[in-house]
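I have placed the structure first, in the form of structure tokens, so that the comments after it can refer back to it.
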């Protein structure tokens, strides 16, 4: 449960920055987003296989933020685009699907 949203936001920023430092030290700064995005496919499958393991979600989170950084997007840009996309999602219609099946918007 989130106790203090300001503290949580600060901790998320610290985590984001710490992961960025580790990633750049480990993999370099010259690589683009494609490697992390391809790795994300595997990690998403691991999360599907172990949906109760929070570390699998963290792996996906790290890969998404790493790919976005390597594509040249800042955390501010990613957050702003997230709010914009959320508004688009709210305007779409989705059909109910059985548990474990993806829900796609109606076209």
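Summary table
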{"read-out": "Residue count, the range 90-107 (criterion: closer than 24 Å to residue 45 by Cα and exposed (fewer than 10 other Cβ atoms within 10 Å of the Cβ))", "value": "8"}
{"read-out": "Residue check, residue 26 farther than 30 Å from residue 106 by Cα, without any contact (Cβ under 8 Å) to a residue 12 or more places away in the chain and part of a helix (DSSP H, G or I)", "value": "yes"}
{"read-out": "Looking only at the range 29-49, and only at residues there that are outside any helix (DSSP H, G or I) and surrounded by 12 or more Cβ atoms within 10 Å (Cβ to Cβ), the one that is modelled with the lowest pLDDT", "value": "31"}
{"read-out": "Residue in the range 50-58 that is part of a helix (DSSP H, G or I), farther than 16 Å from residue 70 by Cβ and touching a helix residue (DSSP H, G or I) at 6+ places or on another chain (Cβ under 8 Å) present", "value": "yes"}
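The values are calculated or read from the model by the stated rules, or taken from the named source; none is laboratory data. Please read all numbers here as calculations on a predicted model, not as lab measurements. Reconstructed Cβ throughout: ideal geometry from the backbone, glycine too, with neighbour counts over all protein chains shown.
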